[in-house]
1. Pick from 102, 35, 56: which residue has the top mean-square fluctuation in a GNM of the chain where Cα pairs under 10 Å get a spring?
2. What FRET efficiency do you get for residue 13 and residue 124 if R0 is 41 Å and r is their Cβ-Cβ distance, rounded to the nearest 0.05?
3. Report the calculated FRET efficiency for residue 150 and residue 219 (r = Cβ-Cβ distance, R0 = 45 Å), to the nearest 0.05.
4. Can you tell me which of 112, 19, 92 moves the most in a GNM of the chain? Springs connect C-alpha atoms under 10 Å apart.
5. If I build a Gaussian network model for the chain, linking alpha-carbon pairs within less than 10 angstrom, which residue out of 55, 213, 225 has the largest mean-square fluctuation?
6. Can you compute the modelled spin-label distance between residue 85 and residue 42, with each label point 7 Å from Cα toward Cβ, in nm?
7. Grab the beta carbon distance between residue 102 and residue 140, set R0 = 25 Å, and tell me the FRET efficiency rounded to 0.05.
8. Roughly what would the spin-label model give for residue 237 and residue 49, points 7 Å off Cα along C-beta, in nm?
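Coordinate-derived values only; no laboratory data. Values in this document were obtained by computation on a predicted structure and should not be read as measured data. Note that each Cβ is placed from the backbone with ideal geometry, even for glycine, and that neighbours are counted across all protein chains shown.
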């Protein structure tokens, strides 16, 4: 089984003490590739260095909606320059809207979300989308963008309504499935929804160090790439798919999403 963790934050300080063990466990679990996801200008620079040091990694650049208040055009231009100069950059994001916590004001989130979608389009990079409690505004902005630009991307950690899922699929987006799928109560609705996602639109992710799947979360607070295997196996169980066949499809989906060769 060949697995691609399509979304992780491995620059988190929780990995400093056992970094080599984390990588060994990932390889032993069949994880051959990990997408390191940018959330600020500074951390995007760091992820590029990490990806250039380890062929297992690819990375994205971007500014998370939580950090939109500190964004400016200089930062966007710098991230664009980095993406052009470094072939390990395969995506833009994560970017989007988060009205649940409002770490940045809504006008800032919307302004820099739009600018980042434009930047990704200029560079022909797929987008890694973040959406929480936007009340339809996220979908409105993505639809508006898609009228004038080619759109390719993934809705990271999907947790929306079935109507939103249908809209994302209509836009041609991939759907990122996390360890939430494995959690008895929290994942109940998601387990119903994944039955309606076409096989060629599914990718799996850890969002490490967050969203540890069951049963690992009974022993580990911190998620890590090795645990993406648990999510894939649960996905196969819920859908009634052969795990190895599904793993092959999901691997190829992720390569297609990020424009990578097999």
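1. Taking springs between Cα atoms under 10 Å, the residue moving most is 102.
2. It comes out at approximately 0.75.
3. Efficiency, rounded to the nearest 0.05: 0.55.
4. Result: 19 has the largest fluctuation of those listed.
5. Looking only at 55, 213, 225, the largest GNM fluctuation is found for 55.
6. That separation, rounded to one decimal, is 1.9 nm.
7. The formula returns an efficiency of 0.85 here.
8. Computed distance between label sites residue 237 and residue 49 equals 4.1 nm.
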